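One structure is given below, encoded as structure tokens.
The values are calculated or read from the model by the stated rules, or taken from the named source; none is laboratory data. Since this is a predicted model, take the numbers as computed values, not measurements. All Cβ positions, glycine included, derive from the backbone under ideal geometry; neighbour counts span all protein chains shown.
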């Protein structure tokens, strides 16, 4: 049967109906006539529960998914190419917008790479490193909160969504206080940070930790033991260790298979080896295990943040080498945060050489010796690796991000095939792909 | 590029011509003038300055740390398989505390499988492939860079394979590391690297009917000039720039 | 859309316009069209602290057929553009579009091969909202401005008249490149 909404097309595997909307009865009728229940459903790229513009192509037999494929690229932004036309410092502005839920991880990974190429890892001030850790752990909290919130919403649990965004707002308040922006900060720069913490930041941070310690158990009360929640999550999105290793899955997906692999422990950066924290694992290989791991990671992040506060010693947040340190002295003006007028007056008025130096550094940027490097950080989603290539110029020659969402999303088919249609949503939510990171 | 990327299957050794070898540092670019400006004059008086940019060249033994151990094990394991290490490993670069093996592309799969399976090497996790397009590196323009991580030993190494622009074929590693499926599709999409033996080498990010490979260096950025109130600002790749 | 479209111009029509505008603006149903970073801020606006429910808008419709506002939240790639247009076409009239964030409005910082340089190349836009990403307060402001616009929207013959006037004004307008003055 042919309707304008469901055109049949003969393939080697039988008739395929392309459904583009229209009268459901007609669609069903034509599907019944073909006397099997195999339907290919196209979820997305605009779908309320596919985590952004992810497109899922599911072949379903009744309620069972027999085959599942992803269509990605609907948010491809060409960030890696754009980076090649901006100088090294400006690069942070782009990378922060890749995986927009984990801006500080993108920035830090990129900056660690640039610093390694420059050979200045040892010159980064301690305060900058501690603050990077602090910001990354805060960011881990906010990313996991969004994962749990949207994951809950996709299950139909709107309360957990409201809770998650409530607590995320607390983290964003801190980000705004520290960096001036709620998202897309470009705060971590090659050589250190854009600026120091504002006065009163640490007090507010302590206040935040107190609130979070009160709020985090609420997720346990709300969800962990909830029979509906467990029924939807347990044994759904199953991927064992062999599958994880083959598919390169990292982060909570890998840890839910029981392997405590966390780059913060196994390949430490930013001095993580000196912090006291644990890597939670589960042995259930399912979505529920991943949920529990995320909850526990948030508690561990709070522990790290507390240790960071203790380690914060006054000092510079940018390398002393003025050939690299971006001459930013920010101040709040009438039109928002911008260059400090005092600083500009100082450069313009006192020294011709300072003015030239400032001009050269801002218009040209610094040069990075030719070579390549790979640096990886443990983002909330897994191993976020950056392959930076320099040709000795003022701009990156090539920057490639190995985004954990991209790699982990490959596991979607393995997790979903053979399961129910409704479980696809749960499995995808448990991977926590962010399309900005997947497509870049 | 016109042939079917999947035609060779596992017999990629048969028709892949070895890429030209280069054991020294690869010259990737020639900088001219004082500031490397790409258009406009150079008023510094150093306009005639010509400098070549070279990537770090081959290192000599000892490499230091666990690098020697990995190199020994790899060479030993390859010899056991009757493959002369010198044929497979073009050169070994140690730079910025990172170990890079430049692998001849016809031996890539065997080397990767050895790296994965040999108990003393055990690089279980591949973090995908990153394409790099060195326009100035004649005959070796396209590089595919793989990073392999060993969870057992806590190590990470880099494999680098190159192919000329005129014959952009590299054997696929999907059979060894299934995770490379999407990564190789991405490298194909952006750089036109054809991974022989990949199960379904199609575009992944760009629309299926897209022309060209957008992240190659000879593909323009594609930005448009921005107009506003009598002013026109050229796209980032059209502006005067220094390098 | 119905009887009110057929009313002759005059007192009755303007009264119906006001009533229709009031009703429409008080229950705008946005389609979930989250694309990138802005989508997260859009969700935040719907959540507890900013509480979009105060403006009768908390119900984000999954199906475009039940929605009358499309908030294009994020960068639109060349691959996404046809999808976006299809979703727009599936929405019933009357419908409005908010272009949220600079990427949707003008391509923003992503002036390259992959991104559509402004969603107004694909769909007509009612409100351009700057920011990268705009704060939830800014989205609320845009929504309130859209409410004003909806309240003032015309029906029937008045709508035709308004469309004609708008077209004439647009034809007479000076091209951007010929405008003079400060760059702001």
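Structure summary
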| item | result |
| --- | --- |
| Set C:131, C:108: member being within 14 Å of chain B (Cβ to nearest Cβ), farther than 16 Å from residue C:70 by Cβ and modelled with pLDDT under 90 | C:108 |
| Some residue of the range C:102-117 being surrounded by 19 or more Cβ atoms within 10 Å (Cβ to Cβ) and more than 25 Å from residue A:98 (Cα to Cα) | no |
| Residue among A:75, A:54 that alone is at negative phi, within 16 Å of the chain's Cα centre (by Cα), crowded, with 24+ Cβ neighbours inside 10 Å and more than 10 Å from chain C (Cβ to nearest Cβ) | A:54 |
| Entirely in the range C:7-100, the helices (runs of 4 or more DSSP H) that have 3 or more residues that are more than 19 Å from residue C:124 (Cβ to Cβ) | C:11-26, C:37-46 |
| Test: residue in the range A:383-394 that is within 26 Å of residue A:286 (Cβ to Cβ), modelled with pLDDT of 90 or more, touching a helix residue (DSSP H, G or I) at 6+ places or on another chain (Cβ under 6 Å) and not assigned by TED's automatic domain parsing to the domain that holds residue A:153 | yes |
| Residue, farthest from the other protein chains (Cβ to nearest Cβ), within the range B:115-133, restricted to residues that are buried (at least 23 other Cβ atoms within 10 Å of the Cβ), more than 14 Å from the chain's Cα centre (by Cα) and closer than 15 Å to residue B:175 by Cβ | B:115 |
| Output for the range A:354-377, where each listed residue is in contact with a strand residue (DSSP E or B) (Cβ under 6 Å, 6 or more places away or on another chain) and more than 8 Å from every other protein chain (Cβ to nearest Cβ) | A:368, A:375, A:377 |
| Residue within the range B:134-144 that is part of a helix (DSSP H, G or I) and at the interface with chain A (Cβ under 10 Å from one of its Cβ atoms) present | no |
| Selection count, the range C:146-178, where residues are more than 14 Å from chain B (Cβ to nearest Cβ) and touching a strand residue (DSSP E or B) at 6+ places or on another chain (Cβ under 6 Å) | 1 |
| Qualifying residue in the range A:223-241 (condition: over 22 Å from residue A:424 (Cα atoms) and at pLDDT 90 or above) | no |
| Qualifying positions in the range A:149-193 - more than 19 Å from residue C:40 (Cβ to Cβ) and surrounded by 22 or more Cβ atoms within 10 Å (Cβ to Cβ) | A:188, A:189, A:190, A:191, A:192, A:193 |
| Residue C:146 assigned to a helix (DSSP H, G or I) and within 21 Å of the chain's Cα centre (by Cα) | yes |
| Criterion violated by residue B:199 - all others in (1) over 30 Å from residue B:71 (Cα atoms); (2) out of contact with any strand residue (DSSP E or B) (no Cβ under 9 Å at 6 or more places or on another chain); (3) in a helix (DSSP H, G or I) satisfied | (3) |
| Residue in the range A:284-293 that is surrounded by fewer than 16 Cβ atoms within 10 Å (Cβ to Cβ) and outside the structural domain of residue A:356 (by TED's automatic domain parsing) present | no |
| Residues of the range A:382-424 that turn out to be in a helix (DSSP H, G or I) and within 19 Å of the chain's Cα centre (by Cα), as a count | 7 |
| Of residues in the range C:54-73 being within 11 Å of chain A (Cβ to nearest Cβ) and out of contact with any strand residue (DSSP E or B) (no Cβ under 7 Å at 6 or more places or on another chain), the one farthest from residue C:134 (Cα to Cα) | C:65 |
| Residue match in the range B:158-170 (condition: facing chain A (nearest Cβ under 8 Å) and under 30 Å from residue A:53 (Cβ atoms)) | no |
| Count - residues of the range B:32-57 that are crowded, with 17+ Cβ neighbours inside 10 Å and either within 11 Å of chain A (Cβ to nearest Cβ) or within 16 Å of residue A:371 (Cβ to Cβ) (or both) | 6 |
| Of all residues in the range A:88-104 being over 17 Å from the mean Cα position of the chain (by Cα) and surrounded by fewer than 24 Cβ atoms within 10 Å (Cβ to Cβ), the one that is farthest from the other protein chains (Cβ to nearest Cβ) | A:89 |
| Single match in C:8, C:82 (criterion: exposed (fewer than 14 other Cβ atoms within 10 Å of the Cβ), under 28 Å from residue B:207 (Cβ atoms) and more than 8 Å from chain A (Cβ to nearest Cβ)) | C:82 |
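Matching residues to (1) surrounded by fewer than 17 Cβ atoms within 10 Å (Cβ to Cβ); (2) in contact with a strand residue (DSSP E or B) (Cβ under 6 Å, 6 or more places away or on another chain); (3) assigned to a loop (DSSP other than H, G, I, E, B):
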residue	(1), (2), (3)
B:203	no, no, yes
B:206	no, no, yes
B:211	yes, no, yes
B:214	no, no, yes
B:218	yes, no, yes
B:221	no, no, yes
B:224	yes, no, yes
B:232	yes, no, no
B:243	no, no, yes
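So that you can scan it fast, the table gives a plain yes or no per residue for (1) closer than 16 Å to residue C:73 by Cβ; (2) surrounded by 16 or more Cβ atoms within 10 Å (Cβ to Cβ):
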| residue | (1), (2) |
| --- | --- |
| C:12 | no, no |
| C:20 | no, yes |
| C:23 | no, no |
| C:33 | yes, yes |
| C:38 | yes, yes |
| C:41 | yes, yes |
| C:49 | no, no |
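Rundown of residues vs (1) away from chain A (no Cβ under 13 Å); (2) free of Cβ contacts under 8 Å to residues at least 24 places away in the same chain; (3) within 28 Å of residue B:116 (Cβ to Cβ), yes/no style:
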site: B:185; (1), (2), (3): no, yes, yes
site: B:191; (1), (2), (3): no, no, yes
site: B:199; (1), (2), (3): no, no, yes
site: B:204; (1), (2), (3): no, yes, yes
site: B:207; (1), (2), (3): no, yes, no
